[in-house]
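What follows is a short report on a single structure.
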Amino acid sequence: NAGVTQTPKFQVLKTGQSMTLQCAQDMNHNSMYWYRQDPGMGLRLIYYSASEGTTDKGEVPNGYNVSRLNKREFSLRLESAAPSQTSVYFCASRRTSGRGRTHSYEQYFGPGTRLTVT
Amino acid sequence: GQQVMQIPQYQHVQEGEDFTTYCNSSTTLSNIQWYKQRPGGHPVFLIQLVKSGEVKKQKRLTFQFGEAKKNSSLHITATQTTDVGTYFCAGRYGGSQGNLIFGKGTKLSVKP
């Protein structure tokens, strides 16, 4: 199993350019997440998808869009990149318990995409 | 919104010294998870605490969850250079389906 994979690993964009960050998981997890990590700020949730066909905003969604293409893939799109979006982006997935059950599972993170917007 | 405060932000220790990082929430957590991120790497799950007053150990690492389920700590005994990295706590509110709220992390450096 590859776990969670992300492409690309590195990207440099000019202000105003657009791009899509790709994420895929092969663990048959229902939930997927996009985080950004900035120095001293920890991990902040951008968007998440609790199951195939659903997406919801997290803490910092402005300037981003997402697509849950199927159960495996969850992409993050920057329509018009800004220098404030320079960051490391992590995708994560999680197995979720069935309705009425209370177990909470850990998140598995991808290796990250280091994005610089100039 | 909900916040998980984590201190200290940085900790420099001599190899063999102990290390502790603390997390606090103003409201009760459903559970708390701990992650470790090595320099240049991605967060990796360490453990989850669910019950009030729970204590779990992994070799030299001891994790505690407070009685009120509002605070947690990670203690490393006799640090080694392999312990270098950033340790994050992540609290979950509102049951097993709630999202994780990450603390800002404690960056540990170990001098050999």
Fill in: Most mobile listed residue (B:PHE63, B:PHE45, B:PHE19) in chain B, GNM with C-alpha springs under 10 Å
B:PHE45
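By its C-alpha gyration tensor, with a ≥ b ≥ c as the square roots of the eigenvalues, how is the protein assembly as shown shaped: rounded for a/c under 1.5, else prolate for a/b larger than b/c, else oblate? It would help to have the intermediate numbers written out before the result.
Values: a/c = 1.89, a/b = 1.33, b/c = 1.42.
Cα axes put the protein assembly as shown in the oblate bin.
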Discussion item. Straight-line reach only, C-alpha to C-alpha below 15 angstrom: list the aspartates and glutamates that B:LYS56 could link to, leaving out same-chain residues fewer than 8 apart.
Written reply: B:GLU67
Worksheet, complete the sentence: To the nearest 20 debye, chain A has a Cα-centred charge dipole, built from +1 on Lys and Arg Cβ and -1 on Asp and Glu Cβ, of 120
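Please report the net charge: other residues with Cβ closer than 13 Å to the Cβ of B:GLY85, K and R +1, D and E -1. Don't skip to the end; give the middle numbers.
Working: positive: B:LYS36, B:ARG38, B:LYS107; negative: B:ASP83.
Taking every Cβ under 13 Å from that of B:GLY85, the sum is +2.
Lys and Arg at +1, Asp and Glu at -1: add these up for the other residues within a Cβ distance under 13 Å of B:LEU61 and post the number.
Numbers: positive: B:LYS36, B:LYS56, B:LYS57, B:LYS59, B:ARG60; negative: B:ASP18, B:ASP83.
Residues near B:LEU61 contribute +3 overall.
Which shape class, rounded, prolate or oblate, goes with segment B:40-101 when its Cα gyration tensor gives a ≥ b ≥ c as root eigenvalues, a/c under 1.5 marks rounded, and past that a/b bigger than b/c marks prolate? Can you show the working numbers first?
Details: a/c = 2.68, a/b = 1.38, b/c = 1.94.
Oblate shape, in that a/c is at least 1.5 and b/c is the bigger or equal ratio.
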Discussion item. Whole-Hz ³J(HN,Hα) for each residue in segment B:17-22, computed from phi via Karplus 6.51 cos²θ - 1.76 cosθ + 1.60 with θ = phi - 60°, x for glycine and proline: what do you get?
Written reply: 7, 8, 9, 9, 10, 10
Fill in: Packing-based ranking, highest mean first, of A:73-84, B:31-42 given that Cβ atoms within 10 Å are counted
B:31-42, A:73-84
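Can you tell me the FRET efficiency between B:ILE47 and A:ASP38 if r is taken as the Cβ-Cβ distance and R0 is 25 Å, rounded to the nearest 0.05? Spell out each step's value before the answer.
Values: r = 25 Å, r/R0 = 1.02.
E between B:ILE47 and A:ASP38, to the nearest 0.05, is 0.50.
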Worksheet item: Around A:VAL66, which amide H atoms from residues at least 5 apart in sequence, or from another chain, sit under 5 Å from its own amide H, with H modelled in the peptide plane?
Response: A:ARG77
Worksheet item: How large is ³J(HN,Hα), in whole Hz, for each residue of segment A:75-85 in order, when computed from phi with the Karplus curve 6.51 cos²θ - 1.76 cosθ + 1.60 and θ = phi - 60°, using x for Gly and Pro?
Response: 10, 10, 10, 9, 6, 8, 5, 10, x, 5, 8
Worksheet entry | Spatially proximal lysines relative to B:LYS51 (Cα-Cα < 30 Å; intrachain offsets below 8 disregarded) | A:LYS57, B:LYS36, B:LYS59, B:LYS69, B:LYS70, B:LYS104, B:LYS107
Practice prompt. Considering the options B:GLY103, A:GLN85, B:PRO43, tell which one lies farthest towards the positive end of the dipole of the protein assembly as shown, charges being +1 on Lys and Arg and -1 on Asp and Glu at the Cβ, about the Cα centre.
Written response: B:PRO43
Practice prompt. Work through the residues other than B:LYS104 whose Cβ is under 11 Å from its Cβ and net out their charges, Lys, Arg +1 and Asp, Glu -1.
Written response: +1
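Where a number appears in this text, it was derived from the coordinates with a stated rule and is not lab data. Please read all numbers here as calculations on a predicted model, not as lab measurements. A quick note on method: Cβ atoms are made from the backbone with ideal geometry, for glycine too, and the neighbour counts reach across all protein chains shown.
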